[in-house]
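Okay, so here's the structure we're looking at.
The values are calculated or read from the model by the stated rules, or taken from the named source; none is laboratory data. The shown structure was predicted, so the numbers you read here are calculated from the model rather than taken from an experiment. Neighbour counts run over all protein chains shown; Cβ positions are idealised from the backbone, glycine included. These accessible areas exclude ligands, DNA and RNA; they are computed on the full protein's heavy atoms, side chains included. Shrake-Rupley method; radii C 1.70, N 1.55, O 1.52, S 1.80 Å.
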Amino acid sequence: MSQTYPIFESCLIGGEWVGAGAGSVIPVRNPWDGRQIGTVPDAGRAETRAAIAAADAALGPWKAMTAAERSQLMLRLADLMLAEKESLGRLLTLEQGKPLSEAVGEVAFGAAYVRWFAEEAKRVYGDIIPSPWRGRRILVTREPVGVVGAITPWNFPNSMIARKLGAALAAGCTMVIKPASQTPFSALAVGDLALKAGLPAGVVNIVTGKAAEIAAEMCENPRLRKISFTGSTEVGRRLAAQASAHLKRTSMELGGNAPFVVFDDADIEAAVNGAMVSKFRNSGQTCVCTNRFLVQSGIHDAFVARFSKAIGELKLGNGLEPGVAQGPLIDESAVLKVEAHVADALGKGAILVRGGRRSSLGGSLYEPTLVTGANSQMLVAGDETFGPLAAVFRFETEAEAIALANATEYGLAAYLYTRDLARAFRVSEALEYGLVGVNEGLITTEAAPFGGYKDSGFGKEGSKYGVEDYVNMKYTCLGGLG
Ligand code: NAP
C-alpha cells in the first residue's frame with residue numbers, strides 16, 4: 001500500500017512554514033468517520049498581508065525569468081505531482097472522502113493543468129498592429145497582472161488550485177492561495193512540491209484560516225491585483241462586489257444546475273453511462289454535476305429502468321476501500337441539503353424509485369437516489385443539490401426541453417443525448433451554458449476552456465484562453481522612426 005503524503009499543519013509564506021504558534025487552529029476531519037486528521041492555523045489579516053508582501057517581493061524576479069525558465073520549473077512541479085499521485089490521492093481521500101481512484105485521477109488532472117500551462121507560458125504572444133501613422137509602430141504586449149489571490153473550494157482540493165496556479169505562474173504572476181478549510185492539506189502538499197520543484201520562495205504562498213478576513217485583505221491590499229475564486233454563487237457574488245470596490249480584477253467560477261437532456265432518439269446505453277458519471281462522480285458534489293435529468297416521453301421509462309439498475313450497482317463506503325464508488329458527503333450540512341431536496345420533491349408529487357435516505361453505513365453517507373415526476377416547482381429545479389439525488393423531469397418536445405434546460409439562473413454545464421446531428425447543433429446552440437456535452441457526460445479537460453454563463457460566473461480556466469485572465473495588455477507606440 002502506498003504512503004499518505006505528509007501533512008503540513010502550517011501556512012506557507014515566503015518559502016517558510018509558519019505554524020499557528022499561540023494562535024487558534026482549525027481541525028481538519030475525515031468525512032468518513034469524523035476523526036481529526038490534523039489542524040491548520042486559523043490565520044487572518046496579518047498572515048495574508050505577510051503572504052501578499054512575500055508574493056510581491058517574489059514578483060519582480062519571477063516575471064523577469066524567461067518563459068522557458070518558468071516553464072521548466074512548472075514541468076518539474078507537474079512531474080513531482082504525478083510521481084506522488086498515489087500518496088497525494090490518499091491524502092485527498094482522507095480529508096475529502098472521495099474514492100481513492102477519483103482522488104488519484106484528480107491529482108493527475110491537476111498535474112495535467114500545470115503541464116499544459118507550462119507549455120502555454122511560452123506562447124503568451126503579443127502583436128504588431130499596422131500603424132495609421134508614418135514613422136510610428138504599434139506594439140501590443142501581454143504582461144502579468146501581478147500578485148494574484150486564489151480562493152478555492154473543498155470538492156476538488158487539488159485540481160481547482162492547479163488550474164489557477166498553472167495559469168498564474170505561466171503569465172508571470174505570483175500567488176497567495178486560500179484553500180477551503182475542510183481540505184487544506186492537499187493545497188499545502190502542492191506548496192511543498194512547488195518548493196521541491198525549485199520555484200523561488202514567495203512565488204506560491206498558502207494561507208489557511210478565516211475566509212472573510214483573508215478575502216478582505218486580498219480585496220483591500222493594493223499590492224494584490226487580481227482575485228480568482230471558485231466556490232458557491234452566494235459567496236462569489238459578495239466577493240465580486242467587495243473586490244470591485246477596490247477595482248480588483250476577478251474571475252468567478254461559481255455554482256451550477258446542469259440539465260441532462262435525453263431525446264427519444266438517444267443511444268440509451270451511452271446516455272445511462274453519461275448520466276452515471278455526470279451525476280454520481282464525487283457523490284454528486286461537482287459544479288458540473290447534473291441536477292436535472294430532462295427525458296423525452298418515448299424513452300423515459302426505458303431510461304429510468306436502466307439508470308436505476310446502474311445506480312443500484314454503486315458501492316458505498318470508505319473512499320480508501322477498493323471498489324467503493326461513492327464516498328461520504330463532505331459534512332452533515334451537505335446531507336441535510338440533500339434530505340431537504342428529496343423531501344421537498346416527494347412532498348410535491350415526485351415518485352421515489354431508489355434510495356431516498358441516509359445510508360445504513362452511517363456518517364455522512366447518503367444513498368444514491370432516483371426520483372421521477374420532478375417539476376419546476378421543486379427545489380431541485382432551481383437550486384444546486386450538490387449530492388447524490390437524480391431527479392427526472394419528463395418532456396414532450398424539443399422546444400419544451402430547451403426552455404426547461406435554460407430555466408435557471410445558472411449557466412455552467414449542460415448535456416444532451418441525441419443521434420440526430422441537426423438536433424445536436426440546434427439544441428447545443430440554444431443552451432445558455434459555458435460547457436455543453438453532446439453524447440458525453442464528462443467533458444472537462446485542461447485543453448478546453450472551462451467557465452460559466454449567467455450566475456455561474458465569468459472568466460475561463462484551462463486551454464489557450466486560460467492565461468488571458470492573468471495578463472494585462474499593453475499598447476506601446478514607438479515614434480520617431482523616420
Ligand atoms: P463556498 O462555501 O463558496 O467556499 C468556497 C471558498 O470560499 C472556501 O475556500 C471558503 O472558505 C471561501 N469563503 C467562504 N466564505 C467566504 C467569504 N465571505 N469571502 C471569501 N471567501 C469565502 O463553496 P464550497 O461549498 O466550498 O464549494 C462548493 C461550491 O463551489 C458549489 O456551489 C460548486 O458548484 C462550486 N464550484 C464551482 C466550480 C466552477 O469551476 N464553477 C468548481 C468547483 C466548485 P472556508 O472553507 O474557510 O469557508
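Let me make sure I get this right: for the range 292-430, a, b and c are the square roots of the gyration tensor eigenvalues over alpha carbons, sorted descending. Under 1.5 in a/c it's rounded, otherwise prolate if a/b > b/c, else oblate. Which is it?
Taking the square roots of the gyration eigenvalues as a ≥ b ≥ c, the range 292-430 is prolate.
Give the residue list of trypsin sites (Lys or Arg not before Pro) in the range 388-428 that are DSSP loop and have at most 15 other beta-carbon atoms within 10 angstrom.
Counting only loop positions with at most 15 other Cβ atoms within 10 Å, the trypsin sites (Lys or Arg not before Pro) in the range 388-428 are ARG419.
So how much slack lies between GLU269 and ASP33, counting 0.36 nm per residue of separation and subtracting their Cα-Cα distance, in nm?
Roughly 81.4 nm would be gained on extension.
So how do LEU247, LEU294 rank on accessible area, 1.4 Å probe, biggest first, that is with the largest at the start?
Heavy-atom accessible area, descending, gives LEU247, LEU294.
In whole angstrom, and with the biggest value first, how far do the Cα coordinates of the range 234-356 range along each principal axis?
Extents along the principal axes, in whole Å: 54, 37, 31.
What does the C-alpha gyration tensor say about the overall shape of the range 164-259? Classify as rounded when a/c is under 1.5, otherwise prolate if a/b is larger than b/c, or oblate.
Since a/c reaches 1.5 and a/b is larger than b/c, the shape of the range 164-259 is classed as prolate.
Could you give the length gained on full extension between ALA245 and MET65, defined as 0.36 nm per residue of separation minus the Cα-Cα distance, in nm?
Fully extending the segment from ALA245 to MET65 adds 61.5 nm.
Using per-residue counts of other Cβ atoms within 10 Å, averaged over each peptide, order 330-342, 97-109 from highest down.
Per-residue Cβ counts within 10 Å, averaged per peptide and sorted highest first, yield 97-109, 330-342.
Please give, to one decimal in nm, the separation of the simple spin-label points placed at LEU352 and ARG45, each 7 Å out from Cα toward the Cβ.
Result for the modelled spin labels: 5.0 nm.
Quick check: Cα centre of the range 439-478 to Cα centre of the range 58-112, how many Å?
Here the answer is 20 Å between Cα centres.
Quick one: what does P(r) look like for the range 402-466 with 5 Å bins over all Cα pairs, in whole %?
The distribution over the range 402-466 is 4, 18, 24, 25, 18, 9, 1, given as percents.
For ASP331 paired with ALA212, estimate the spin-label separation in nm (one decimal), with each label point 7 Å from Cα along the Cα-to-Cβ line.
Result: 1.5 nm between the two label points.
Charges on Cβ only, +1 for Lys and Arg, -1 for Asp and Glu, centred on the Cα centroid of the chain; of PRO6, SER297, GLY44, which one is farthest towards the dipole's positive end?
Selected residue: GLY44.
Over the range 51-184, what is the mean sequence separation of C-alpha contacts under 8 Å (at least six apart), divided by residue count, expressed as relative contact order in percent?
Relative contact order for the range 51-184 comes out at 32 percent.
In whole percent, and with a 1.4 Å probe on the protein chains, what portion of the accessible area of the chain is carbon and sulfur?
Answer for the chain: carbon and sulfur cover 55 percent of the accessible area.
Do you know the relative contact order of the chain, to the nearest whole percent, from alpha carbon pairs under 8 angstrom that are 6+ apart?
Here the relative contact order equals 18 percent.
Treating only the Cβ atoms of Lys and Arg (+1) and Asp and Glu (-1) as charged, compute the dipole magnitude of the chain about its Cα centre; round to the nearest 20 debye.
Taking the Cα centre of the chain as origin, the dipole is about 1260 debye.
Can you compute the label reach from ARG419? Point 7 Å from Cα along the Cβ direction, backbone N cut-off under 14 Å, restricted to the range 295-311.
Residues passing the 14 Å test: 299.
With the crude spin-label approximation of a point 7 Å out along Cα→Cβ, what separation in nm comes out for ILE128 versus ARG223?
Reported label-point gap for ILE128 and ARG223 is 3.8 nm.
Full extension from SER181 to GLU119: what is 0.36 nm times the residue separation minus their Cα-Cα distance, to one decimal in nm?
Residue separation times 0.36 nm, minus the Cα-Cα distance, leaves 19.2 nm.
Determine by what factor the alpha-carbon radius of gyration of the chain differs from 2.2 N^0.38 Å, reporting the quotient.
That works out to 1.01 for the chain.
Using Cα pairs under 8 angstrom and six or more residues apart, how large is the relative contact order of the range 371-482, in percent?
Computed value for the range 371-482: 19 percent relative contact order.
Take the Cα of ALA201, step 7 Å along the line toward its Cβ, and report every residue of the range 61-81 whose backbone nitrogen sits under 11 Å from that point.
none
So, for the range 167-231, what is the accessible surface per residue at a probe of 1.4 Å, expressed in square angstrom?
20 Å²
For the chain, what does -39500 (n - 2.57) per DSSP helix run (n ≥ 4), summed and divided by total residues, give at 222 nm, in deg cm²/dmol to the nearest 500?
Helix contribution divided over all residues of the chain: -12500 deg cm²/dmol.
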